[in-house]
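In what follows, a structure is listed as structure tokens, so that the remarks can point back to it.
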Amino acid sequence: MARILPGIFKHNRCRNGVYPQSDVRRYPVPDESVFWSQTYSDYQPPVHESPILHGKPWADLSADDPAFKPKWNELDGKVNRVSFIGGKYEIRDDCPVNPFGRTGIRGRGILGRWGPNHAADPVVTRWKRDESGEVVLHLDSGKRILQMCAIERQDCGEWAIPGGMVDPGEKVSATLRREFLEETMDNDAGDEAGTVEQFFAEGTEIYKGYVDDPRNTDCAWMETVAVNFHDETGAVVGRFPLHAGDDAAKVRWMDVGEEVKLYASHSNIVKRVVDMLEAHW
Ligand code: RP5
């Protein structure tokens with residue numbers, strides 16, 4: 001699985017086809033023209049900015065609004081415009097440039113921020129067990145099978161890590177717990193609230209950087225910090241009262257493996273947990 005590094009990883013989910021929640025077709029970007037360093041003289045992507053962004057407190061102003069004076073690559077008041085990828089992103093014609101290359105769309109599509117849009121992804125895992133509580137080994141690899149808590153996204157019907165956007169000024173650790181609670185417990189952990197709080201106090205950061213998200217554009221893109229919270233005994237997360245909430249349609253424990261297709265580049269993130277815990281893939 002390719003490492004998600006600029007100039008090496010070719011994003012795939014955010015080029016070609018129709019832009020999400022619109023009828024705007026992306027300008028075609030073939031494999032050999034993804035990186036900005038590769039010439040593509042015919043490149044003329046359409047500009048798309050969803051009307052749902054206008055007037056939303058969580059979104060930037062339009063680029064041509066005289067009141068919009070962003071501080072790129074800096075902490076801009078409470079809005080963090082520093083990239084998680086490391087290094088500074090380029091500004092061209094007053095617009096941030098997607099460090100991973102062309103997407104076939106200019107403008108920010110349905111993303112609230114120009115440049116990086118920061119999310120946090122809690123990868124909550126346990127071992128698959130049989131009815132007697134024994135850990136199940138995969139028949140081919142002989143390795144333990146990891147299960148992750150996954151949600152079905154309401155916007156596209158794809159299974160995903162239950163992540164969400166980091167609010168301005170919010171600590172990533174708080175976002176991880178908040179999003180998990182909202183999406184997988186409908187914000188009500190009931191009697192287990194204390195256990196949930198404790199469980200999320202300690203996790204292992206497994207990824208920080210770009211997400212190959214279908215909403216990315218040439219000027220706006222998703223980034224995330226993904227943290228693994230693993231329940232080795234299965235005794236803690238088994239008590240979590242799971243039921244889908246917020247923008248999740250369904251929630252379930254999903255066996256993890258190569259065949260599982262997840263939203264955006266989430267499989268890539270989950271594979272890191274698999275490697276770390278030496279689980280079956
Ligand atoms: C993905 O979008 C991130 O990895 C995260 O899972 C998610 C955040 O966006 P929303 O779910 O809030 O739309 O790029």
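The values are calculated or read from the model by the stated rules, or taken from the named source; none is laboratory data. These figures come from a predicted structure and were not determined experimentally. Glycine also receives a Cβ, built like all others from the backbone with ideal geometry; neighbour counts cover every protein chain displayed.
Being aromatic (F, W, Y) and crowded, with 18+ Cβ neighbours inside 10 Å is the filter here, so list the residues in segment 42-81 that pass it. Lay out the reasoning, then the answer.
Initially, segment 42-81 is screened for residues aromatic (F, W, Y), giving 43, 58, 68, 72.
Of everything in segment 42-81, just one residue is aromatic (F, W, Y) and crowded, with 18+ Cβ neighbours inside 10 Å, namely W72.
Name the residues in segment 230-253 that are within 15 Å of the ligand (Cβ to nearest atom) and either in contact with a helix residue (DSSP H, G or I) (Cβ under 6 Å, 6 or more places away or on another chain) or not charged (D, E, K, R) (or both), would you?
Initially, segment 230-253 is screened for residues within 15 Å of the ligand (Cβ to nearest atom), giving 244-251.
Result: A244, G245, D246, A248, A249, V251.
Show the residue pairs that are 6+ apart or on different chains and have beta-carbon atoms under 8 Å apart, the first residue being within segment 204-221 and free of Cβ contacts under 8 Å to residues at least 24 places away in the same chain, the second being in a loop (DSSP other than H, G, I, E, B) and more than 13 Å from the ligand (Cβ to nearest atom).
Between residues of segment 204-221 that are free of Cβ contacts under 8 Å to residues at least 24 places away in the same chain and residues that are in a loop (DSSP other than H, G, I, E, B) and more than 13 Å from the ligand (Cβ to nearest atom), there is no close pair.
Restricting attention to segment 33-55, which residues are more than 16 Å from C219 (Cα to Cα) and either touching a Gly at 6+ places or on another chain (Cβ under 7 Å) or not in a loop (DSSP other than H, G, I, E, B) (or both)?
Keep residues of segment 33-55 that are more than 16 Å from C219 (Cα to Cα), which gives 33, 37-42, 51-52, 54-55.
Across segment 33-55, the qualifying residues are S33, P51, I52.
Run down F180, F200 and say which single residue is surrounded by 19 or more Cβ atoms within 10 Å (Cβ to Cβ) and away from the ligand (no atom under 12 Å from the Cβ). Show your work before the answer.
Numbers: F180 fails: away from the ligand (no atom under 12 Å from the Cβ).
None of the others qualify; the one that does is F200.
Within segment 22-44, is there a residue that is of a type in the set (V, I, T), out of contact with any strand residue (DSSP E or B) (no Cβ under 7 Å at 6 or more places or on another chain) and at pLDDT below 95?
Taking segment 22-44 first, the residues of a type in the set (V, I, T) are 24, 29, 34, 39.
Restricting the remaining residues to those that are out of contact with any strand residue (DSSP E or B) (no Cβ under 7 Å at 6 or more places or on another chain) gives 29, 34, 39.
If we keep only those that are at pLDDT below 95 as well, we get none.
Within segment 22-44, not a single residue is of a type in the set (V, I, T), out of contact with any strand residue (DSSP E or B) (no Cβ under 7 Å at 6 or more places or on another chain) and at pLDDT below 95.
Considering only segment 170-191, how many residues are among the acidic types (D, E), in a helix (DSSP H, G or I) and within 18 Å of A248 (Cβ to Cβ)? Reasoning before the result, please.
Here is the first cut: in segment 170-191, the residues among the acidic types (D, E) are 170, 179, 182-183, 186, 188, 191.
Now restrict to residues that are in a helix (DSSP H, G or I): 179, 182-183, 191.
Narrowing the set further to residues that are within 18 Å of A248 (Cβ to Cβ) leaves 179, 182-183.
Matching residues across segment 170-191 total 3.
One line per residue, one yes/no per condition, for (1) within 16 Å of the ligand (Cβ to nearest atom); (2) among the charged types (D, E, K, R):
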residue	(1), (2)
K88	no, yes
I91	no, no
T103	yes, no
R113	yes, yes
N117	yes, no
V123	yes, no
V136	no, no
C149	yes, no
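Can you report the number of residues in segment 83-119 which are under 16 Å from the mean Cα position of the chain (by Cα) and of a type in the set (D, E, K, R)?
1
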